[in-house]
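Report on the following structure.
Just so it is clear, none of the values below were taken in a lab; they were calculated from the coordinates. These figures come from a predicted structure and were not determined experimentally. A quick note on method: Cβ atoms are made from the backbone with ideal geometry, for glycine too, and the neighbour counts reach across all protein chains shown.
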Amino acid sequence: MFADDHGYFEHADMTKPEIKLGWDGLFSCYDMRDERHAITGIAWAQDWDAFEHKSKEMGAHFSVYDYMNEQGGIDLTKGVVVENKSPVANDHEAVVVVSKRWVQPGKMEEYKIAYNAAWQHFNETVPEMKSLFFSVDKEHEHVMHDVQWFSNMDAFMAHIDFSNEKRKELVMAFINLCDKDKPFEGTVYGGWDARVHDATRGMGAKFKFVTAHVGFIRQAPPGRKGPPTIVSSVRKVKPGKLAALSCAYRDLAQYYKNNDRGVVAFTAAPDPVNPLLVHDLQVFADDDGFVSHADADNIPEVNKGFEALFHNYDM
């Protein structure tokens, strides 16, 4: 834990020989996966082929899924609030959980039925729960990638309010079909607190909880049909460049928030352990939102922002 942002950046200041030596010693023991790529992660897009092509142009490596095989559902028009009632708090009030889960062999079809029943219940009874959906992994038929989006902590707690017997029955119907020998893995973004940690740990999850200091997750709906493009990624940072990268994110996020309604979320959080990684969540109202956010040829602010970001990524 660090007293403030300055304390975090100072503990990872690779320009200081003692700190660099210490981090070199630590990282010599780490399993550094996906070393070939500076940006790795998972994404959902309606035009997944175009998304994959564009992301590769930018040096990113994503597992990309479309919505044709989606289970459950997503509705970003849910949980409507007055967006600017508390601008600072609302920037990160939403709780978004992107995870990887294993289903018991031979139980995937049963799992889908139970999962869809749970989403139907949540969609009708938890108005500020915006999504409960998953896609089956392209290579492993018992693995699925899950996105749960809550407008705030109240919505998160409501979805696990097991004083509601029907809710408990519906949730446990699909949870009990998961492989208990393989804990859920993933990342929790946004306005989570200790209650999320306790609740998910109680279900055997091993999530990484990240806290963003820059960017935003809009609460007001984008006013567009969708479906959204969702990108959850891990990005490598050049040694000593975390503070500069944070400033680049902040400036570009401010431009998007003020000028591009197609950008629903644009947020980055330092890894709680590794100072050379950031966890990035980007959500766009639709395919057009993704395209406009990367239009460096026609939008000077985007061009400048992308240059600042990629100057600090360890490509």
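When you count, for each residue, the other Cβ atoms within 10 Å and take the mean per peptide, how do 252-263, 192-203 rank with the highest first? Mind showing how you got there, number by number?
Working: 252-263: 18.8, 192-203: 14.2.
The peptides rank, most packed first, as 252-263, 192-203.
Using the per-residue mean of other Cβ atoms lying within 10 Å as a proxy for protection, in what order, highest first, do the peptides 221-230, 166-175 fall? Write out the running numbers ahead of the final one.
Details: 221-230: 19.2, 166-175: 16.9.
Those peptides, ordered most packed to least, come out 221-230, 166-175.
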Among 206/304; 168/208; 238/304; 54/225; 54/130, the pairs whose Cα-Cα distance exceeds 30 Å are 206/304
Taking 0.36 nm per residue of separation between residue 258 and residue 56 and subtracting their Cα-Cα distance, the length gained on full extension comes to 70.0 nm
Expected sort for 178-186, 275-283 on mean C-beta neighbours within 10 Å, highest first, is 275-283, 178-186
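Around residue 290, under 9 Å between beta carbons, what's the net of Lys plus Arg minus Asp minus Glu among the other residues? Intermediate values should be presented prior to the final figure.
Details: positive: 54; negative: 47, 286, 287, 288.
Taking every Cβ under 9 Å from that of residue 290, the sum is -3.
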A correct Karplus calculation of ³J(HN,Hα) over the stretch 181-190, with 6.51 cos²θ - 1.76 cosθ + 1.60, θ = phi - 60°, whole Hz and x for Gly and Pro, returns 7, 10, x, 4, 10, x, 10, 10, 10, x
HN-Hα couplings for the stretch 167-172 via Karplus (6.51, -1.76, 1.60; θ = phi - 60°), in whole Hz with x for Gly/Pro, come out as 5, 4, 4, 5, 5, 5
Surrounding charge for residue 305, neighbours by C-beta under 13 angstrom, Lys/Arg +1, Asp/Glu -1, total -2
